[in-house]
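The structure under discussion appears below in the form of C-alpha cells.
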Amino acid sequence: MRQRGHGRTGARGAGAPGRRALRRAAAPALAAIALAAGPPRAGAQLALGIQGIGVVTRADAPGGAVVTEARLIEPVAYGSMAWLGGRLAVHAMLDGEGWTMRGGALAPGDWGEGYYDRRHPHTLVHEVIATATDLAALPGAVHWSLAAGKGFAPFGTDDPMNRPALLFPVDHHWSQILERAVAVLGVRRGPVVVEVGTFDGDEPERWDEWPKWSRFGDSWSARGLVRPGDGLELQASLARVKSPEDRAGAGPTSDKVNVSARLERPVGSGAFYALAEWASNSEGVWVFHAVLVESEYRRGRWRPYARVEVADRPEDQRVFGDPFRSPRPPADNSLLGVTRWRTILAGLGIGLPEAVHGLRAEAIGEVAWAGVASREGVFDPAAFYGRTQLWTVNLGLRLAAGAGMHRMGRYGVAGGPMPGMAGGAGMSGMRGE
Amino acid sequence: MGVSIGGPAALAAAALAAAAAACHEGSAGSAVAPPPDSVALVATVPVPPNYGQHDQIERAGLAFLCSWNTGLQIYDVGDGRAGGSPQHPVRISGVVTSGGEVHNAWWYWAPDGTRRYAFVGQEGPGSVGTSSSGDIHVVDLSNLSAPAEVASFHMNGAGTHNFWVDEANQVLYAAYYNGGVVALDVSGTLSGDLGTRLISAVQPGGAGDTYVWGVMLYNGSVYASDMVSGLWQLKLTGGALQVAGGGNNVPERYTSDLWVANGYAYTGTWGTRGANTGNVLKIWKLDSAGAPVLHDSIVTPGFTTVSDVRGSADGRMLVTSGEYGPKAGLYFYSLVPDPGHPVLLRYYPVVANAQNGIHNVSLADIGGRRYALAAQDPPTPAMLVVDVTAIDP
C-alpha cells in the first residue's frame, strides 16, 4: 500500500459510523480476527491498521459537464494474525466505501458492477481469508498452502488499493477477481509458485452483499509466479469466470488471461516499483484487451508515480436519468459497444516526516488524461461525453495508523512476509513497508 | 424495492399523467382521458431471475414463455387441457434449447396440419450495430408434454432476433441483427442443421449499416425494423430477398420493434442515440406500393426504450412496452377510427425501479376477452397477464 507505515503490530482498530450494521455485516471477519488474536500469546503475531483517503476530484463527465466532488475513499480497517510461525494465518479487511462513497467516486474510465465513470464502492467485508501453510511437510523442499474465505481468486495482478494511484485503472475488472468466496491451493518450490482456486463467478451488485454461496465452485483460476530474485516477479494467469455480471448466472462466461512482470527493489537511497501487464477477457463475440505500465519511486517523503494504459471497456445502456449507472441485474447480453481508453496518469505523494500520535499522513496530487474512442458498436464517445478527451484531477490526503496493508490476494506460499514480520513464509507483506 | 403495479387510483393518476405527457411530433393527434373502468392484472407467472422473461406468444390458448436460461415454457392459459386459464396459467412442459438464452418463439402450424414446431430464437452476446450471436432452434411439439429440439440454424458472424412465419408458404423470416433478414424454408420435416434450408438473406442497409430487430409479413411484403437504418420494405422475389422501399429513414434514433396493420406500420425506438431518447412510437403510412412514409409520431417522456410494438388480431388495438425509466410499463392505443393517429387508451405502470419495466408484450384473445401478456424485467421477472377487455376500442 502507498501509506508510509512501519509495520508495527498491535495498532487499534477504527471506530465507524453505522455501528449496528457494521457489526452485523462484519461479524464473521471480526470473529476471525478475534479468534486468531485471543489473548496474544507467545508465537502469535498480530498486525492491525486503518486508513482513509479524503479526495477532492475534478473531472470531465458525460454531457460535456465538469464535476467537482469530495469523497472519503478506501476507508478500511484491516488485520493479519499469524501463529505457529506463520503456518496458520488470517487476513481480514473491512471497507466502509459503501457509506462514504455511495453512488461511487468520480473516476472517468472506471467501470463495473453497474457503474460507469465512477468507481463502485467495495463490499463491506472486502477480505477475510484463513490460510494454512505447510501443516504437513512435503518432500523435496516443496511448500504448500490452502486458503479459504472471502477474498481474491488467484488471478492477475495486485488490487489497485495496493498500488500507487488513486484513480483505479480501466482494466481493474480484467486483471483482478475479488470479493469472491474462494478456496485456493498453492504450491511453491524454490522461486516457482503455482496456485489454483475455485470460487463463485458473481461479482457484487451492492456494497453490503456477500458472495452467492450457491455459486461457489462454478468458476476457477490458476496463477503461476516466478520470483528469480532481485525483487522481480513474473506472473501468468488463466481464469474461467461464469456470468460475473449477472448474479443469477445467466450472463456469458469470461475467459481471462493475464501476464505481468513486477519489479520492486531498492534503487539508490529509495525504493523503485514497476509493473507491466497484459490482459485479455473473452466473452463469446467480445474480446477485450488491456496493456498497462506503471511505476513509482519512493524516496524519503517523496513518492512520484505514473501510469500508462490502453484498455477496452464494454459500454452498457445507462439507466434513465443517470449517465453513471447501468441496469443491474441486466436484462440481456447486449452491449452498446466497446470503447478503447488510452490513459496517462502522473502523481506525487508527499508524506509527513513523522507520525503524529501514531497517525501517518500523506498529501497526494495526481492528474490523468484519457482519450476514448469507439472500437465497435454504436456507442459514440463524442456524443456521450461531449468530447473524446477527459481530464481528471485528484487531490487527496491519506491518513493511516497501525500496520501497513498486506498485499491482498497473495495467500500462503504466494505471499511475502507479514507486515512487521521478518521473513515470515505464510503471510503477505506490504510493498514499501 | 417492490414492484409497483398500482391500484385504481394510482393507475388513474398515472394514466392521466402519461396522457398529458404524451405528445405528437408530427400531425395532430390527441390523447384522451382513460375510461372509468379498470385494466386488471389477473395473473403473474414468476420466472427464475436467470435473466428472466423475455417474450411470450399465445396461440389457441397456449402461451409459450421465452424464459432465457430457463428455456421455452409452455403454459395452458385457456386451452383447457391442463385446466389452465388466463387467471390461472398452468405449466404443461418446457425445454431448454441448446445454449439457452431463449429470447423469442413462434409456434408454427404446417398448413397441411401434419407438423407443429416451435421456432426459438437464441439471443447471444452482441454489440449493437456491429456484432451478434445466437441460433434458431427448432423444437418438435408433436407431443406438447415432451418438447424436444430437433434442428437448428446457424449463421456465421450474426445472431437471430425476432421472427415472422409465412405459414401458408412455409417460410420463416428471421431478423438477424447485423446479418440482416434471413428467409428459411421450413416445409416438411425439420431435423439437424438447417443450413441447406436457407432461401435468401439480405442486409437492407448494407454491411455496417444493418442491425435488424424485427420482421413482419404484410400484404406480400416483409417489413424489417433496423436499429440503425430504420424501417425497410423487402420482398422475396424469385427466391431472393430484395429491398423494395423504405430505409435510412430514422437517423435520429435507434429503431426497435414493428407492427403493420390497416395500411400503416408502427415502429418503436430504443436507447439513446446522440441526445435523443428511444421513447417514440413512429407511425408510417404505406403508399400504394407498400413503401413506408413517416406519418406521425408519439413521444412519451419517462422511459428510454419502446421495446415492443404489437397489434390485436382485429387491428383495433395497439400496445407498446416501455422499458427503463419511471414511466415504464404498458401503453395501450386505439387504432380506431384513425389508425394513422393512435389514441392512448391507458398507461399501465410496471416499474420496480428506474432500471426496468416491460421487455415484450403481446395481445391475446381468449374466451371472448382480450389480454396483454407481458414480460416483466428483472429483478422480479415474470409473465404478467393483464385483462384489457374493458378498454377494447
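Please treat every number below as a calculation from the coordinates, not as lab data. Just so you know, these numbers come straight off a predicted model, no measurement behind them. Cβ coordinates were reconstructed from backbone atoms using ideal geometry, including for glycine residues, and neighbour counts include every protein chain displayed.
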Open item on the list: Once you place label points 7 Å from the Cα toward the Cβ at A:Val66 and B:Asn219, how far apart are they in nm?
Closed with: 5.7 nm
Task: Residue-averaged beta-carbon neighbours from other chains (10 angstrom radius) around A:280-289 - done: 3
TODO: For an R0 of 41 angstrom, estimate the FRET efficiency from the Cβ-Cβ distance between B:Arg91 and B:Glu252 and round to the nearest 0.05.
DONE: 0.40
TODO: Using just the helices of chain A, give the 222 nm mean residue ellipticity in deg cm²/dmol: DSSP H runs with n ≥ 4 each add -39,500 (n - 2.57), and the total is spread over all residues, rounded to 500.
DONE: -2000 deg cm²/dmol
TODO: Arrange the peptides A:349-360, A:185-196, B:319-330, A:101-112 so that the one whose residues have, on average, the most other Cβ atoms within 10 Å appears first.
DONE: B:319-330, A:101-112, A:185-196, A:349-360
Task: Linear extension gain, A:Leu352 paired with A:Ala141, 0.36 nm per residue minus alpha-carbon span - done: 71.6 nm
Open item on the list: Using the basic label-point model (7 angstrom from Cα toward the beta carbon), what is the A:Ser269 to B:Ala148 distance in nanometres?
Closed with: 8.2 nm
- [ ] Give me the lysines in straight-line cross-link reach of A:Lys242: C-alpha distance below 25 Å, same-chain residues under 8 apart excluded.
- [x] A:Lys150, A:Lys212, A:Lys256
TODO: With only Lys, Arg, Asp and Glu charged, each at its Cβ (+1 for the first two, -1 for the last two), find how big the charge dipole of the protein assembly as shown is about the Cα centre; round to the nearest 20 debye.
DONE: 3240 debye
Open item on the list: On a straight-distance basis, which lysines could pair with B:Lys282 in a cross-link, Cα separation under 23 angstrom, same-chain partners fewer than 8 positions away excluded?
Closed with: B:Lys235, B:Lys327
Open item on the list: Taking 0.36 nm per residue of sequence separation and subtracting the Cα-Cα distance, how much length would be gained by fully extending the chain between B:Asp209 and B:Arg59, in nm to one decimal?
Closed with: 50.5 nm
TODO: Using Cα centres only, tell me the gap between region B:274-315 and region B:179-228 in whole Å.
DONE: 21 Å
TODO: Rank A:Leu238, A:Leu359, A:Ala311 by how far each Cα sits towards the positive end of the charge dipole of chain A (+1 on Lys, Arg Cβ; -1 on Asp, Glu Cβ) and give me just the farthest.
DONE: A:Leu359
Task: Net charge of neighbours whose Cβ lies under 10 Å from the Cβ of B:Gly247, counting Lys and Arg as +1 and Asp and Glu as -1 - done: -2
Open item on the list: Which one, A:Pro108, A:Ser282, A:Leu185, projects farthest toward the positive side of the charge dipole computed for chain A from Cβ point charges (K/R +1, D/E -1)?
Closed with: A:Leu185
Task: Cβ-based net charge around B:Ala201, under 15 Å, with every Lys or Arg adding one and every Asp or Glu removing one - done: -1
TODO: For chain A, find the longest principal axis of its Cα atoms and tell me its angle to the long axis of helix A:19-37, 0 to 90°, nearest 10.
DONE: 30 degrees
- [ ] Quick one: compute the contact order of chain A, relative version, from alpha carbon pairs under 8 angstrom and 6+ residues apart, as a percent.
- [x] 18 percent
Task: Relative contact order, percent, region B:212-287 [alpha-carbon distance under 8 Å, six or more residues apart] - done: 23 percent
Task: A:Ala183 paired with A:Val56, simple spin-label distance in nm, labels 7 Å along Cα-to-beta-carbon - done: 5.1 nm
Open item on the list: Given contacts defined as C-alpha pairs under 8 Å and at least six residues apart, what's the relative contact order of chain B, whole-number percent?
Closed with: 16 percent
TODO: Would you please put A:82-88, B:382-388 in order of how densely packed they are, using the mean number of other Cβ atoms within 10 angstrom per residue and starting with the highest?
DONE: B:382-388, A:82-88
TODO: With springs connecting C-alpha atoms under 10 Å apart, model chain B as a Gaussian network and identify which of B:Gly302, B:Gly271, B:Gly188 has the largest mean-square fluctuation.
DONE: B:Gly188
Task: Value in Å of the Kirkwood radius, where the protein assembly as shown supplies the Cα pairs that are averaged - done: 28.6 Å
